[in-house]
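Okay, structure first, notes after.
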Amino acid sequence: VSDYGVYIDKYEVTNEQYAAFLNEKGNRSEDGASWLEDDSKHVLIEKEGGQFTPKSGYGDHPVIVVSWYGAKSYCEWAGKRLPTEEEWQQACQGRDGREYSWGNSFGSGIANISGSDDGYDKTSPVGTFPGGASPYGAMDMSGNVWEWTSSLYESSKNWRVLRGGSWGLDAYFARCEFRLNYYPDYRSSAYGFRCAR
């Protein structure tokens with residue numbers, strides 16, 4: 001999807017896509033943390049015989065427990081980059097400055113958000129909620145997983161900005177303008193990403 005000469009991916013990067021990346025590049029470490037926390041109890045990608053594969057039934061779910069470095073490296077490998085938070089916000093709210101990717105009021109079952117009747121305890125397959133698409137057709141920009149951006153929150157700490165809310169928090173955090181920040185080496189069961197170019 002595109003606006004202002006920026007293209008942002010329609011979907012969050014999936015476990016299947018990230019496993020293909022790891023099979024080519026390996027699970028490297030930066031800043032003392034592996035790109036994917038492959039020994040986490042939350043990880044949805046398994047390693048067997050040196051090969052990474054998504055856990056059964058989770059290939060089309062967004063990759064989680066991936067560090068900012070792991071997100072950035074994947075986008076570069078794919079010939080893309082992480083979006084800036086400004087680009088991300090524009091893709092979420094469009095030209096009309098809407099509160100959520102779909103509009104200004106929250107409706108149950110329109111996104112994977114805590115307290116919503118969405119049918120998922122944690123992540124959902126990307127694109128499960130077409131009613132929650134942004135004005136440019138980007139899916140899951142409100143809910144499912146927090147998305148790493150390239151933007152610094154506080155340069156003195158090298159913290160990076162995440163956007164979009166997640167399955168674990170309610171609609172307040174899923175607003176297009178809400179900002180979260182964390183250390184780039186942190187990996188969470190609610191953190192994923194999408195690429196831009």
field: Residues that are open to solvent by less than 10 Å² (accessible area, probe 1.4 Å) and assigned to a loop (DSSP other than H, G, I, E, B), drawn from segment 124-133
entry: S124
- request: Report whether or not A33 is over 28 Å from K157 (Cα atoms) and surrounded by fewer than 21 Cβ atoms within 10 Å (Cβ to Cβ).
  value: no
query: Looking at Y7, Y18, which one is open to solvent by 80 Å² or more (accessible area, probe 1.4 Å) and among the aromatic types (F, W, Y)?
result: Y7
message: Can you confirm whether S116 is part of a strand (DSSP E or B), open to solvent by less than 50 Å² (accessible area, probe 1.4 Å) and either touching a Ser or Thr at 6+ places or on another chain (Cβ under 7 Å) or more than 23 Å from E85 (Cα to Cα) (or both)?
response: no
query: Failed condition for N112, given (1) of a type in the set (S, T, N, Q); (2) under 24 Å from D185 (Cα atoms); (3) in contact with a helix residue (DSSP H, G or I) (Cβ under 9 Å, 6 or more places away or on another chain), with all others met?
result: (2)
- prompt: What is the residue count in segment 50-74 for residues that are over 23 Å from T128 (Cβ atoms) and either modelled with pLDDT of 95 or more or of a type in the set (A, V, I, L, M, F, W, C) (or both)?
  reply: 8
message: Of everything in segment 37-76, what is of a type in the set (A, V, I, L, M, F, W, C), under 18 Å from K122 (Cα atoms) and touching a Leu at 6+ places or on another chain (Cβ under 9 Å)? Give them in sequence order.
response: V43, I45, V63, I64, V65, V66
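Quick test for you: out of Y186, Y136, Y172, Y153, pick the one residue that is within 17 Å of E86 (Cα to Cα) and either outside any strand (DSSP E or B) or open to solvent by less than 50 Å² (accessible area, probe 1.4 Å) (or both). Full working, then the answer.
Values: Y186 fails: within 17 Å of E86 (Cα to Cα); Y172 fails: within 17 Å of E86 (Cα to Cα); Y153 fails: either outside any strand (DSSP E or B) or open to solvent by less than 50 Å² (accessible area, probe 1.4 Å) (or both).
Of the residues listed, the single one that is within 17 Å of E86 (Cα to Cα) and either outside any strand (DSSP E or B) or open to solvent by less than 50 Å² (accessible area, probe 1.4 Å) (or both) is Y136.
The values are calculated or read from the model by the stated rules, or taken from the named source; none is laboratory data. Keep in mind that what you see is a predicted model, and the values were worked out from it rather than measured. Glycine gets a Cβ as well: all are built from the backbone with ideal geometry, and neighbour counts include every protein chain shown. Surface accessibility is based on the protein's heavy atoms, side chains included, excluding ligands, DNA and RNA. Shrake-Rupley method; radii C 1.70, N 1.55, O 1.52, S 1.80 Å.
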